[in-house]
Every structure is written in structure tokens, then in C-alpha cells.
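The values are calculated or read from the model by the stated rules, or taken from the named source; none is laboratory data. These numbers come from a predicted model, not from an experiment. Cβ placement follows ideal geometry from the backbone for every residue including glycine, while neighbour counts extend to all protein chains displayed.
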Amino acid sequence: MQKRVVWICCVIGLAVLGSWFLLRSRPHEDQFTRLMSRANGYLEREDAAEAVSLYVQAVSIAPESIEVHLNLANAYLLAGENLKAIEQCQQALSLDHDSGAAYYLMGLANLHSNQAEQAIQAFQQSQKIDPAVTALNFQLGLAQERWGHVEDAISTFETMLQFEPEQVWLLLRRRLLRNRRWLRARCRRL
């Protein structure tokens, strides 16, 4: 009988202790969720400074969250802070080395920094993980084309056609229209 009472007291004690830990950790989760939600809103409205500020706070609460590192990298990209974006991608990759999104964002940051080979390598790494992502393949093809790897670019664009042919034509059409506008503007200056 006495063992039974001790056992019941232990179970009740563990339940109380577990509840206390659960309640104690919950405010951080709620705060993290609120910060992420607000930061995502700023990112959607392209307010990079506010998004970065909130994501930095969220990273301090949950440094093990891949999502917050990727979102912070995206906000840094929007702010034009490519090196900080690359750092956040590396943080995300230290948590999950198979994050195609981290390699993709790293490729974009390198592309914006005119680091051709690093951009192409990051895009190719992302492509190994997520080969059917049209936007990734399009950026890889553009990077290859931009730095004179024309045959590789053609091969990348042909690969894209296997997955989403209509999307490929839309992306290529936009690119051609943008190039045509640039060419017209340049001709007017001459």
C-alpha cells in the first residue's frame, strides 16, 4: 500500500513538473510564431528592413529552425545584403545539408554578387536535390548563359521542358521581352 502511494505521488509530481515545463516553453513558441508571421508579412510587402529585424529576433528564439534561416536569407537578398544571405544559407545547410532551398537562395545571392562559379555550383547542388523546380533551373540556365556556358544553358533549358513546358515558355518570353526593352533603350541612347 505504501509503495502504491509513493508511486502515485511520483506520477503526480512528474505530471506537475511536465506541465510546468510545457507552460514555461510555450511563450517562446508563441512569440516565435508571432515574429515569423509578422516578418513574413513584411517580406511579402517587400519591406526588407522590418522583415530582417523580426527574423533576427526569431533566430535568437529558435536557432535550430531551418525555416527562419531561409526566410532571413530571403529578406537579406531583398535588402541587397548578399553576403549575409549566404551566411544564413550556410546556417540552414548546417542544420540540413539536403536543403535545396538553401542552395537555391545561396545561388541567387552569389548571382547578385557576380560570383558566377559559386552561383552555378549552388544552383547545381539544389538541382541535384530538387531537379523539377522550374525557377531553380531557369536561374541556373540564366547564370550559365550569363557567364558564357551557352551549351550548358541550352541543356538546362531543355531539361526544364521535360517538367513544365508551359512555364518554361512563359519564363523565356519574359526574359526575351526584358532583353528587347533593354536593347531598345540602349539603341535610343545611341
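Of all the residues in region 113-155, those that are under 15 Å from the mean Cα position of the chain (by Cα) and closer than 23 Å to GLU81 by Cα number 8. When residues in region 66-103 are screened for being under 24 Å from ARG38 (Cα atoms) and of a type in the set (Phe, Trp, Tyr), 1 of them pass. Scan region 85-92 and tell me whether some residue there is of a type in the set (D, E, K, R), without any contact (Cβ under 8 Å) to a residue 24 or more places away in the chain and assigned to a helix (DSSP H, G or I). So far as region 85-92 goes, yes, one or more of its residues are of a type in the set (D, E, K, R), without any contact (Cβ under 8 Å) to a residue 24 or more places away in the chain and assigned to a helix (DSSP H, G or I). Pairing each residue of region 32-55 that is in the same structural domain as LEU72 (by TED's automatic domain parsing) and crowded, with 20+ Cβ neighbours inside 10 Å with any residue that is of a type in the set (Ser, Thr, Tyr) and assigned to a helix (DSSP H, G or I), provided the two are 6+ apart or on different chains, yields C-beta distances under 7 Å for ALA39/TYR55; ALA51/TYR42; VAL52/TYR76; LEU54/TYR42.
Residues are listed down the side, and each one gets a yes or a no for (1) part of a helix (DSSP H, G or I); (2) buried (at least 16 other Cβ atoms within 10 Å of the Cβ); (3) aliphatic (A, V, I, L, M); (4) at pLDDT 85 or above:
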position	(1), (2), (3), (4)
SER94	yes, no, no, yes
ASN110	yes, yes, no, yes
ASN114	no, no, no, yes
ILE120	yes, yes, yes, yes
PHE123	yes, yes, no, yes
PRO131	no, no, no, no
ALA135	yes, no, yes, no
ILE154	yes, no, yes, no
GLU166	yes, no, no, no
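Of all the criteria given as (1) assigned to a helix (DSSP H, G or I); (2) more than 14 Å from the chain's Cα centre (by Cα), the one not satisfied by GLU46 is (1). Out of all the residues in region 68-91, is one or more farther than 27 Å from LEU111 by Cα and modelled with pLDDT of 90 or more? The answer is no, given that none of the residues of region 68-91 is farther than 27 Å from LEU111 by Cα and modelled with pLDDT of 90 or more.
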